[in-house]
Amino acid sequence: MTYQERIVSNHELMLGKPTIKGTRITVELILRKLSQGATLDDLLAMYPSLTNEDIHAVYQYAADVIANEEPIVSAA
């Protein structure tokens, strides 16, 4: 599975933010919930339309986006 099968971006939906295909659930929302301590089981309970594969696609998508970004240079 590749994230492209589950993550889509449409300028007419959620202002073009990447979403889980067939939903209005954004990649950003999933990542924010995870950063706030939500578990995989929490997410599946909160959003019954999500699957394990959807959440793993979010991880893949985030890793690819970060891999292609320029590094942040911090001031010493």
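The values are calculated or read from the model by the stated rules, or taken from the named source; none is laboratory data. Quick caveat, the model's predicted, so the values are computed rather than measured. When we count neighbours, we look across all protein chains shown, and the Cβ atoms used for this are built from the backbone with ideal geometry, even at glycine. Surface accessibility is based on the protein's heavy atoms, side chains included, excluding ligands, DNA and RNA. Shrake-Rupley method; radii C 1.70, N 1.55, O 1.52, S 1.80 Å.
A few points about this structure:
- The lone exception for Gly37 - which of (1) in a loop (DSSP other than H, G, I, E, B); (2) open to solvent by less than 40 Å² (accessible area, probe 1.4 Å) it fails: (2)
- Cβ pairs under 6 Å, 6+ apart, first in region 47-62 and among the aromatic types (Phe, Trp, Tyr), second modelled with pLDDT under 95: Tyr61/Tyr3
- Boolean, Leu43 is out of contact with any Ser or Thr (no Cβ under 7 Å at 6 or more places or on another chain), open to solvent by less than 50 Å² (accessible area, probe 1.4 Å) and part of a helix (DSSP H, G or I): yes
- Just one of the numbered conditions (1) within 15 Å of Gln4 (Cα to Cα); (2) in a loop (DSSP other than H, G, I, E, B) is not true of Ala62: (2).
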